[in-house]
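Each remark here refers to the structure printed beneath this line.
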């Protein structure tokens, strides 16, 4: 009986340890524009080769330019390679980080509706894609972005943007 109980406890411990190892790694991005921290920017990850991914992997930069990435509102990011999109709107326009924590997909759709496009899509007919985006357009377009990330990473992922493209 003791042997059976010991085996059951060992199996339970292994299961708990295994469950802890499968959690998504915590990811931070350090975003700079022309070498200066970029506050209030929206950062999105799109699985490399999967521009139609429905998983919302997003973050919002703080005053030091750091964004803590979440996946569908939960801390951490699945392992893999990603294209990275960075956009920033004028104050009061676009992405709402507080709403994104509650319902990431709705927040992204609302921001896209306000700006007239969906993230990662081409320009709509008759005008520019994101009229409220104050960063160079290539950083907000999945087909043009030079930014990428691989998870897990060793430390914050550096995203260095240039205002002159």
When the range 110-133 is checked residue by residue, the ones that are exposed (fewer than 15 other Cβ atoms within 10 Å of the Cβ) and either at pLDDT 90 or above or touching a helix residue (DSSP H, G or I) at 6+ places or on another chain (Cβ under 7 Å) (or both) are 118, 131
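What residue, among those in the range 143-154 that are in contact with a strand residue (DSSP E or B) (Cβ under 8 Å, 6 or more places away or on another chain) and farther than 8 Å from residue 84 by Cα, is surrounded by the most Cβ atoms within 10 Å (Cβ to Cβ)?
Checked the range 143-154; the qualifying residue surrounded by the most Cβ atoms within 10 Å (Cβ to Cβ) is 151.
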All but one of (1) modelled with pLDDT of 90 or more; (2) surrounded by fewer than 22 Cβ atoms within 10 Å (Cβ to Cβ) hold for residue 89, so report the exception by its number.
(1)
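The values are calculated or read from the model by the stated rules, or taken from the named source; none is laboratory data. Note that this is a predicted model, so its numbers are computed, not measured. Neighbour counts are summed over all protein chains in view; Cβ atoms, including those assigned to glycine, are modelled from backbone coordinates with ideal geometry.
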